[in-house]
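Asks: One structure coming up, written as structure tokens, with questions to follow.
The values are calculated or read from the model by the stated rules, or taken from the named source; none is laboratory data. Just so it is clear, the model here is predicted, and its values are computed rather than measured. Note: ideal-geometry Cβ built from the backbone for every residue, glycine included; neighbour counts use all protein chains shown.
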């Protein structure tokens, strides 16, 4: 196992300090090993229940196995319009909808960082030129998000919606009126599953890299319910919550569709890539 970051190999120094640091490194290695073993055991238990959405722990372009979870959801409910909207994509090299794009879907990427989107426009040139991908450099607010979506997809039903803007995520999602069958929304796992909480809305605010961001899972459950969506699960790392139209859940997903049932605590230390890094520039086949 690799040495945990922040614990350097000791080559010289007072022998007692070196011994203590080596012992600490060994303890940390053991703790990481135990955590990974626990995670593997828990995932195995979930795989045995067909209703859990965390099945294959793999990814193509996502960060937290979203690719695999999205595929699992659509294997149960089927695809319809095959139109996606993703808000918060940065350069698009690593996002939730690129795999869908490469499978023939069409959609819109929206991000407030114009420089990052220029990179995305270059990397995704074949899809942009064909019109299957629209890239929109725009800082979204709850006041403008619906008009932005309407400008680019009209009245189409969104088959898959992803919202991750770090700070105002819950406010942005609440303001989206376009119907959507499936949604992936970032939540703040620092808050217990039974607690309703969200940041005060500020259209100019940005995440300061503390635990003050977004909304609790219970708040997202409430927003989703008002939209006719059921909370069907979260990724194992405690980053994203997944919602499916209540008309489609039936017995395909694990009940009850509550934050208390589906909450995952923050396991950010387990975030890691499976396989090789993604290719930056897209190739349209």
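Asks: Over 23 Å from residue 100 (Cβ atoms) and buried (at least 24 other Cβ atoms within 10 Å of the Cβ): which single residue out of 188, 168 fits that description?
Replies: 168 is the lone residue from the list that is over 23 Å from residue 100 (Cβ atoms) and buried (at least 24 other Cβ atoms within 10 Å of the Cβ).
Asks: Still on this model: In the range 183-211, how many are over 13 Å from the mean Cα position of the chain (by Cα) and touching a residue at least 24 places away in the same chain (Cβ under 8 Å)?
Replies: Qualifying residue count for the region: 14.
Asks: So, in the range 165-188, how many residues would count as being touching a helix residue (DSSP H, G or I) at 6+ places or on another chain (Cβ under 7 Å) and in a loop (DSSP other than H, G, I, E, B)?
Replies: Looking only at that region, the number is 5.
Asks: When the range 41-67 is examined, which residues are found to be at pLDDT 85 or above and under 19 Å from residue 162 (Cα atoms)?
Replies: Across the range 41-67, the qualifying residues are 53, 54, 60, 61, 62, 63, 64, 65, 66, 67.
For (1) assigned by TED's automatic domain parsing to the domain that holds residue 241; (2) touching a helix residue (DSSP H, G or I) at 6+ places or on another chain (Cβ under 6 Å); (3) surrounded by fewer than 23 Cβ atoms within 10 Å (Cβ to Cβ), each residue gets a yes or a no:
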| residue | (1), (2), (3) |
| --- | --- |
| 97 | yes, no, no |
| 110 | yes, no, no |
| 130 | yes, no, yes |
| 145 | yes, yes, no |
| 163 | yes, yes, no |
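Asks: Moving on. Condition test on residue 86, is it under 19 Å from residue 163 (Cβ atoms), touching a strand residue (DSSP E or B) at 6+ places or on another chain (Cβ under 7 Å) and outside any helix (DSSP H, G or I)? Spell out how you get there, then give the answer.
Replies: Working: under 19 Å from residue 163 (Cβ atoms): yes; touching a strand residue (DSSP E or B) at 6+ places or on another chain (Cβ under 7 Å): yes; outside any helix (DSSP H, G or I): yes.
Spelling it out, residue 86 is indeed under 19 Å from residue 163 (Cβ atoms), touching a strand residue (DSSP E or B) at 6+ places or on another chain (Cβ under 7 Å) and outside any helix (DSSP H, G or I).
Asks: Going by the structure shown, is residue 182 surrounded by 19 or more Cβ atoms within 10 Å (Cβ to Cβ) and more than 15 Å from residue 82 (Cβ to Cβ)?
Replies: no
Asks: Okay, next question. Given 80, 103, 121, which one is touching a strand residue (DSSP E or B) at 6+ places or on another chain (Cβ under 6 Å) and surrounded by fewer than 17 Cβ atoms within 10 Å (Cβ to Cβ)?
Replies: When all the criteria are applied, what remains is 80.
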